[in-house]
């Protein structure tokens, strides 16, 4: 069986060692989707102490910060060290259509889950159309919240 060498497969490790990636925040993979009247952010933070996780909103910017500290291994001879340690940071620009006062977060099994509710004013509405009578000058439209989708 022949083995091939891919010179680009080790590029990330090489760049991190040359640029000392400890100084800059690490990448935090996330999934983002809408479920009903909420946006859901799931961020992978395995091995992170929940006490080091910070989620805050400043205006319309949601910021997630976390820290993974390296274990004390004085005197160890490393054979391989691939797990990143240090700071993690991710920011999201929130639109005007979310309710920043009701954002909640939980952390379980290395996954940070953030629920971002859609504001009432951003929810779809059904516009009721009334018939224009012979003595009415202007058509009247009434806005009512649309039925919630299940």
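Just so it is clear, none of the values below were taken in a lab; they were calculated from the coordinates. Nothing here was measured: the structure is a model prediction, and the numbers come from that model. Virtual Cβ from ideal backbone geometry, glycine too; neighbours counted across all protein chains shown.
Can you tell me how many residues in region 100-126 are within 17 Å of residue 58 (Cα to Cα) and either touching a helix residue (DSSP H, G or I) at 6+ places or on another chain (Cβ under 7 Å) or exposed (fewer than 11 other Cβ atoms within 10 Å of the Cβ) (or both)?
Result for region 100-126: 2.
Inside region 46-71, can you point out the residues that are within 30 Å of residue 97 (Cβ to Cβ) and in a strand (DSSP E or B)?
Correct list: 54, 55, 56, 57, 58, 61, 62, 63, 64, 65, 66.
Return the residues of region 100-114 that are out of contact with any strand residue (DSSP E or B) (no Cβ under 7 Å at 6 or more places or on another chain) and assigned to a strand (DSSP E or B); say none if nothing qualifies.
The answer is 107, 108.
Tell me which residues, restricted to region 25-73, are over 13 Å from the mean Cα position of the chain (by Cα), farther than 17 Å from residue 110 by Cα and touching a residue at least 40 places away in the same chain (Cβ under 8 Å).
Passing the criteria: 25, 36, 37, 60.
Just give me the residues in region 79-99 being without any contact (Cβ under 8 Å) to a residue 24 or more places away in the chain and out of contact with any strand residue (DSSP E or B) (no Cβ under 7 Å at 6 or more places or on another chain), in sequence order.
Hits for region 79-99 are 79, 80, 81.
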